[in-house]
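Asker: Below you will find the structure I want to go over with you.
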Amino acid sequence: MKLRKNVAVSEVGLIFNPVTGESFSVNPIGVEILELIREEKDQNQIMQVLLEKYSTDQATLENDYADFIDILNHHHLIEIHEETKD
Amino acid sequence: MKKRKINIGVTGLNAIDSPGPGVSVIRALREAVSFDVRIIGLSYESLEPGIYMHDLVDRTYSIPYPAGGADLLMARLEYIHEKEKLDVIIPNFDAELYPLIKLEPKLKALGIHMFLPTLTQFEERQKVNLNDFGKKYNISVPKSKVIYDLNTVHSLPSEFSFPMIVKGKFYDASIAYSIEQVKTFFNKISAKWGLPIIIQEFIHGAEFNVTGLGDGNGNTIAAVPMRKQYITDKGKAWGGISISDEKMLDMTRKFLRNTKWRGGFELELMKNKDGELYLLEINPRLPAWIYLSVGVGQNIPEALVNMAMGETVTPFVTYDVGKMFIRYAWDMIVDREEFEQISMYGEL
């Protein structure tokens, strides 16, 4: 999984898709996840970073993470490759 | 080095809620790096705001409506030319293109240059011809049907599903969700703009526009795609952002290559949820948001003037993505004498 080419994410959480012209805002944790995706970390690595940093349990985090990825995918902000789907 | 000065006549000074492109075109021309300008406004109504923008427009002359015929227009332009020595005219309304295309050789003989589509290009892209245009140039367009008679409306549901778009031949479009609404819009639009009425398939999706410039030989001189971000109740973009959609640019290049379009244009596009692009309309002139093209690094009005003057223009290849335009309304204070001057004497 990776961020689509040229998708811009600002430090304060504004995402701009230059192909569609759409803008979205995400909270600081969203920015953190997007940064980890940009670094090409897989789901396990991302979950590990977040579990260490925030007081939450694995099941809740997995659900929230899956929702977030679904939304990113729905808006064509990320590319998910089947063979490396994580 | 002193730049040459070009006298340019510009129409479309109606910077209102459904704005003409004139004021934006003039702002672009004032920022041209290859020439200086004297701007001659050409107006139809005394309350067109551009007439009173003296920092943009040096002098304005009223001109007759296109419906008055080409001869009347020619006589007025000859008078204006005598006084102002016009080098170029940039028309900014669809309706004035027809007489001006006809007058192009006569105006050229006087030394007035334009850079307009040919009559065939102008006619082919008319809304009533969109189906044929799509077939001829292999460009996806929404299915449409031209109707002249209210009685034929009842057969539409066998060909189109609701909602469907009811369009006037020049302006206006409404979304109809029932036969009753189709009838209402048919009557309303035909009363204002005449027949025929165009019924068009409704494409669900996001609206985009591309403005640009074709050299008349199939080459793209400029192209800037934009997503409408803020749309008025008249469907006009009040805010937009430049984007980098390769599919859109490909469609634009294909349009220019296949039609050999000459002059400025605006493509109105719709992208459905599957990412398929449909060409809804081709406006045969620069759009009101043309100043965004200057903001992103392609001064299209400047390039158009240089092409009209017969110069070779290097095609633009890049532009800034993610630049926005946000339109605003501005109240000017105008002395009654100025209004009187343009109303009574047709000059200001």
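Asker: Can you say whether residue B:294 is open to solvent by less than 20 Å² (accessible area, probe 1.4 Å), more than 19 Å from residue B:205 (Cβ to Cβ) and part of a helix (DSSP H, G or I), as far as the supplied structure shows? Don't jump to the end; show me each part of the working.
Answerer: Working: open to solvent by less than 20 Å² (accessible area, probe 1.4 Å): no; more than 19 Å from residue B:205 (Cβ to Cβ): yes; part of a helix (DSSP H, G or I): yes.
So residue B:294 fails the test.
Asker: Could you list, in sequence order, the residues of region B:1-14 that are surrounded by 23 or more Cβ atoms within 10 Å (Cβ to Cβ) and free of Cβ contacts under 8 Å to residues at least 40 places away in the same chain?
Answerer: B:14 - this is the single residue of region B:1-14 that is surrounded by 23 or more Cβ atoms within 10 Å (Cβ to Cβ) and free of Cβ contacts under 8 Å to residues at least 40 places away in the same chain.
Asker: Would you point out the residue of region B:1-58, among those that are of a type in the set (S, T, N, Q) and part of a loop (DSSP other than H, G, I, E, B), that is farthest from residue B:339 (Cα to Cα)?
Answerer: That would be B:34.
Asker: Okay, next question. Any idea which of (1) within 14 Å of chain A (Cβ to nearest Cβ); (2) within 22 Å of the chain's Cα centre (by Cα) is the one residue B:321 doesn't satisfy?
Answerer: All conditions are met except number (2).
Asker: Being touching a helix residue (DSSP H, G or I) at 6+ places or on another chain (Cβ under 7 Å), touching a residue at least 24 places away in the same chain (Cβ under 8 Å) and buried (at least 19 other Cβ atoms within 10 Å of the Cβ): is that true of residue B:256 here? Steps first, answer last, please.
Answerer: Numbers: touching a helix residue (DSSP H, G or I) at 6+ places or on another chain (Cβ under 7 Å): no; touching a residue at least 24 places away in the same chain (Cβ under 8 Å): yes; buried (at least 19 other Cβ atoms within 10 Å of the Cβ): yes.
So residue B:256 does not fit the description; no.
Asker: Can you name every residue in region A:1-19 that is within 14 Å of chain B (Cβ to nearest Cβ), in a loop (DSSP other than H, G, I, E, B), touching an Asp or Glu at 6+ places or on another chain (Cβ under 8 Å) and buried (at least 18 other Cβ atoms within 10 Å of the Cβ)? Show your work before the answer.
Answerer: Within region A:1-19, the subset within 14 Å of chain B (Cβ to nearest Cβ) is A:4-10, A:14-19.
When the remaining residues are screened for being in a loop (DSSP other than H, G, I, E, B), the result is A:4-7, A:10, A:18-19.
From what is left, the residues that are touching an Asp or Glu at 6+ places or on another chain (Cβ under 8 Å) are A:4, A:19.
Correct list: A:19 only.
Asker: Let me ask something additional. Could you list, in sequence order, the residues of region A:20-52 that are within 14 Å of chain B (Cβ to nearest Cβ), in contact with a strand residue (DSSP E or B) (Cβ under 7 Å, 6 or more places away or on another chain) and not hydroxyl-bearing (Ser, Thr, Tyr)?
Answerer: So the first thing to find is which residues in region A:20-52 are within 14 Å of chain B (Cβ to nearest Cβ), and the list is A:20-24.
Filter once more, keeping what is in contact with a strand residue (DSSP E or B) (Cβ under 7 Å, 6 or more places away or on another chain): A:20-21, A:23-24.
Result: A:21, A:24.
Asker: Still on this structure, please answer the following. Select the strands (runs of 3 or more DSSP E) contained entirely in region B:78-190, then report the ones holding at least 2 residues which are under 16 Å from the mean Cα position of the chain (by Cα).
Answerer: Details: elements: B:88-90, B:144-147, B:164-167, B:173-176.
Ranges flagged: B:88-90.
Asker: If residue B:216 passes every condition in (1) within 26 Å of residue B:91 (Cβ to Cβ); (2) surrounded by 22 or more Cβ atoms within 10 Å (Cβ to Cβ) but one, which one does it miss?
Answerer: Against the list (1) within 26 Å of residue B:91 (Cβ to Cβ); (2) surrounded by 22 or more Cβ atoms within 10 Å (Cβ to Cβ), residue B:216 comes up short only on (2).
Asker: Within region B:211-243, which residues are in contact with a Lys or Arg (Cβ under 7 Å, 6 or more places away or on another chain) and within 14 Å of another protein chain (Cβ to nearest Cβ)?
Answerer: B:237, B:239, B:240, B:241, B:242, B:243
Asker: Right, something else. Mind checking whether some residue in region B:228-237 is under 22 Å from residue B:172 (Cβ atoms) and aliphatic (A, V, I, L, M)? Full working, then the answer.
Answerer: If we filter region B:228-237 for residues that are under 22 Å from residue B:172 (Cβ atoms), which is where we start, we get B:228, B:230-237.
Those still in the list that are aliphatic (A, V, I, L, M) too: B:231, B:237.
Yes, region B:228-237 contains a residue that is under 22 Å from residue B:172 (Cβ atoms) and aliphatic (A, V, I, L, M).
Asker: Just wondering, is there one or more residues in region B:249-264 that are within 12 Å of chain A (Cβ to nearest Cβ) and either in a loop (DSSP other than H, G, I, E, B) or modelled with pLDDT of 95 or more (or both)? It would help to see each step written out before you state the result.
Answerer: Within region B:249-264, the subset within 12 Å of chain A (Cβ to nearest Cβ) is B:249.
Now restrict to residues that are either in a loop (DSSP other than H, G, I, E, B) or modelled with pLDDT of 95 or more (or both): B:249.
Yes, that holds for at least one residue.
Asker: Condition test on residue B:140, is it open to solvent by 50 Å² or more (accessible area, probe 1.4 Å) and free of Cβ contacts under 8 Å to residues at least 60 places away in the same chain?
Answerer: Details: open to solvent by 50 Å² or more (accessible area, probe 1.4 Å): yes; free of Cβ contacts under 8 Å to residues at least 60 places away in the same chain: no.
Answer is no for this residue.
The values are calculated or read from the model by the stated rules, or taken from the named source; none is laboratory data. Predicted model only: the values in this text are computed from it and were never measured. Neighbour counts are summed over all protein chains in view; Cβ atoms, including those assigned to glycine, are modelled from backbone coordinates with ideal geometry. Protein only, heavy atoms only, side chains kept; ligands, DNA and RNA dropped before computing areas. Shrake-Rupley method; radii C 1.70, N 1.55, O 1.52, S 1.80 Å.
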